[in-house]
1. Being under 16 Å from residue 20 (Cβ atoms), modelled with pLDDT of 90 or more, surrounded by 11 or more Cβ atoms within 10 Å (Cβ to Cβ) and under 23 Å from the mean Cα position of the chain (by Cα) is true for just one of 58, 62, 134, 145. Which residue is that?
2. Just checking, how many residues over the stretch 71-95 are loosely packed, with under 11 Cβ neighbours inside 10 Å and closer than 13 Å to residue 20 by Cα?
């Protein structure tokens, strides 16, 4: 079973569905590309055999990813039916989860703004709010990522 952290927000559930779908479609595109290349080769060439093996490996990985998508979809669907979360838009319209490196860069910039801001000013309050928000966003995505995604 997939591991959806219990404290995930609806947006994080939706982002997980989006990420799984994006990865699946990328693998499908790669599979199509490899199969198209293989079709252009005579079967007696070594490249033909190499491509056939790569296609088989990718197809197995795609089948496994499809199973993971089913598990994720069932978990999110169950959470929605039980009223534990709300995901009310198609995967296509869900923004992808932001990369940890992007959040870290923004967090560092917010920290620099906070250090440079005069005490008690709006700039200081805004920078502090950004630091807190980005720290929490970074914590959420790195805690919910598996070891394979880090």
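1. After applying the criteria, what remains is 62.
2. Adding up the residues that qualify gives 2.
The values are calculated or read from the model by the stated rules, or taken from the named source; none is laboratory data. Computed from a predicted structure; not experimentally measured. So basically every Cβ, Gly included, is an ideal-geometry build from the backbone, and we count neighbours across all protein chains shown.
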